[in-house]
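Notes follow once the structure below has been shown.
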Amino acid sequence: MTTGNDAPVAITHPGTSANAATTQEDGTQEDGTQEGGPSAVDLVLPLAAVGAAGVIAGYGYIRRTRRARTRTTPGGAPAGPASPTLGFARAGGPPSSLAELDGRARASLVEADDCVRTSREELAFAVALFGTEPTEPYARAVREAEAELAAAFAMRQRYDEGVPAEEEARRHALAGIAGRCAEAGRRLDTEAVGFDRLRALERGAGAALEVAETRFRELAGRTGVAEATLAGLGLRYGPGATAGVTGYVEQAKDRLVFATTRLNQARQAADRGEPEGAALALRAAEGAVAQAAVFVAALHRVATDLKAAAEWLPAALTGAEAEIARVRVTGPEAGPGVPVGELRARLLHADAVLDSVRQEVTSRRPYDPLRLLRRVVRATAPLGALRRGGVLSAAASLVAHHATAGAGGFVATHRGAVGAEARTRLAAAERRLAAADLLTSDDLAGQARHLAEQDVRTHGNPYDGATAHESGLTGAVLGGVLLSVTPDDGTPPSFGGPRTRARRGPAHA
């Protein structure tokens, strides 16, 4: 678990209760040994598969609501009156209390975020098959949905910070958040018919199956390479340096095992002339392959970032020493504008941190260069070092990008359990990173990862049996690859918003 900016530790496997976890989520025992998982050679496709994804103004919200009422869904039926959150109609009408409205707004954020993520993943498979020009209308819909969702997350972050303060204004803010989420979902729903026509899975999934199988085989090979790389990193930098991706090799294999089963089912259904069954199995396989790719990319990113941090660390220490010396010579007027006593305290603290970092570097023991680089950056930031650019600013950028990407990957691959608060902090971290507010971005990313891990532990595991684990079903549900929690009804999400994402066949106009 990530705590603040310290090195993360592996989370435990979610059991039937939050307190009954003795193995890690990925199947790693507490002593560091691995349960019997599939080896790299086990991930080869069977022959049948190889043979062939602020506060909104009242007027603005009302305008969007009216617009939604006049449009139709991809199924051709009127959309009906829009409710203040996505779940109102299903929950039996608008909530009466602020707390209930808050809960519905959180649910709408999670649902809209899942819709955007799933649509983006399935779109990537369509682009691989058809190219960018035929898929541009759907890419544009995803971008527009992302923009609406980003605005909703920004409003939610301000709401969590206490803005606005008045109860009635907070009600309007929550309604505005839900309105943005509803618009994001509507934009994706509108394009579901066209997207199904483009993929044409009802006429045959052969070409799409080949794309998914090719990507599967490429990922199976990369997973084996990543496993060897991770072992080397642990020896070189110590286990703490790779704690943030502990179990990721096993989880990547878990998704690929699930993908193997669904790719075979898709191929068999296609051979039997059952396009709906083939489409469902294929979409589930694509979702699992997309998540395996996230795990593998995270492993390679850790290797790249640790190497970069190790190379940057000596220069960062030199730069930090120069910064301290400059502030001491020029006096407090060249510092961040704080009283002399406070500035001296900051200088003493920076000196102590640098001395500790130097001792760790020269101790001849493995150390985590990313963690040490973060310490150097944070010790010198109160002296105004980051405002002047240079090596310390570059080091801060590396640390912030690493933390934000790590939190994003965790949320993406565990979204079946991750709630609105973690997603909101992640979105805020990404906004601050884009604005070059590096320390804030790093802080928010740490919060997002911590909250997401808490959600996973609290959520527990609906499938504790060996069969579910070996088939990859547990990971598929945890990752949101399957919408259903019933093994016999494994409906995968698809491109679209809340009205169309759970369709079991092609949408029809």
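Hey, among the residues in the stretch 149-172 that are crowded, with 22+ Cβ neighbours inside 10 Å and not aromatic (Phe, Trp, Tyr), which one's nearest to residue 113 (Cα to Cα)? Write out each step before concluding.
Step one: filter the stretch 149-172 for residues crowded, with 22+ Cβ neighbours inside 10 Å, giving 149, 152-153, 155-156.
Okay, now just the ones that are also not aromatic (Phe, Trp, Tyr), so 149, 152, 155-156.
Working: 149: 7, 152: 10, 155: 14, 156: 13 Å.
Only one residue tops the list, namely 149.
Residues are listed down the side, and each one gets a yes or a no for (1) within 30 Å of residue 413 (Cβ to Cβ); (2) under 21 Å from the mean Cα position of the chain (by Cα); (3) not aromatic (Phe, Trp, Tyr):
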| position | (1), (2), (3) |
| --- | --- |
| 252 | yes, yes, yes |
| 264 | yes, no, yes |
| 267 | yes, no, yes |
| 273 | no, no, yes |
| 290 | yes, yes, yes |
| 304 | yes, yes, yes |
| 320 | no, no, yes |
| 341 | no, no, yes |
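Residues 430, 453, 470: which one is acidic (Asp, Glu), at pLDDT 95 or above and open to solvent by 10 Å² or more (accessible area, probe 1.4 Å)? Spell out how you get there, then give the answer.
Details: 453 fails: open to solvent by 10 Å² or more (accessible area, probe 1.4 Å); 470 fails: at pLDDT 95 or above.
Criteria check complete, one pass: 430.
State all residues of the stretch 350-368 that are part of a loop (DSSP other than H, G, I, E, B) and closer than 20 Å to residue 308 by Cβ; if no residue qualifies, say none. Show your work before the answer.
Our first condition is that a residue be part of a loop (DSSP other than H, G, I, E, B); within the stretch 350-368, this holds for 362-368.
If the condition is that a residue be part of a loop (DSSP other than H, G, I, E, B) and closer than 20 Å to residue 308 by Cβ, then 366, 367, 368 are the ones that fit.
Inspect all residues belonging to the stretch 301-308 and state whether any of them is open to solvent by 10 Å² or more (accessible area, probe 1.4 Å), closer than 19 Å to residue 125 by Cβ and among the hydroxyl-bearing types (Ser, Thr, Tyr).
no
Tell me which residues, restricted to the stretch 79-120, are open to solvent by less than 20 Å² (accessible area, probe 1.4 Å), assigned to a helix (DSSP H, G or I) and at pLDDT below 95.
88
Taking into account only those residues within the stretch 211-249 that are open to solvent by 10 Å² or more (accessible area, probe 1.4 Å), β-branched (Val, Ile, Thr) and touching a Leu at 6+ places or on another chain (Cβ under 7 Å), which is nearest to residue 370 (Cα to Cα)?
242
Being within 22 Å of the chain's Cα centre (by Cα) and either at pLDDT below 95 or open to solvent by less than 30 Å² (accessible area, probe 1.4 Å) (or both) is the filter here, so list the residues in the stretch 364-397 that pass it.
370, 396 - these are the residues of the stretch 364-397 that are within 22 Å of the chain's Cα centre (by Cα) and either at pLDDT below 95 or open to solvent by less than 30 Å² (accessible area, probe 1.4 Å) (or both).
Among the residues of the stretch 350-363, are any open to solvent by 50 Å² or more (accessible area, probe 1.4 Å) and of a type in the set (Ser, Thr, Tyr)?
So far as the stretch 350-363 goes, yes, one or more of its residues are open to solvent by 50 Å² or more (accessible area, probe 1.4 Å) and of a type in the set (Ser, Thr, Tyr).
Quick one: in the stretch 488-504, which of the residues that are part of a loop (DSSP other than H, G, I, E, B) and surrounded by fewer than 20 Cβ atoms within 10 Å (Cβ to Cβ) is modelled with the lowest pLDDT?
Of everything passing the filter in the stretch 488-504, 504 is modelled with the lowest pLDDT.
The values are calculated or read from the model by the stated rules, or taken from the named source; none is laboratory data. Because the structure is predicted, anything quoted here is derived from the model rather than measured. Please note: Cβ atoms are built from the backbone with ideal geometry, for glycine as well, and neighbour counts cover all protein chains shown. Accessible surface is based on the protein model in full, side chains and every heavy atom, while ligands, DNA and RNA are left aside. Shrake-Rupley method; radii C 1.70, N 1.55, O 1.52, S 1.80 Å.
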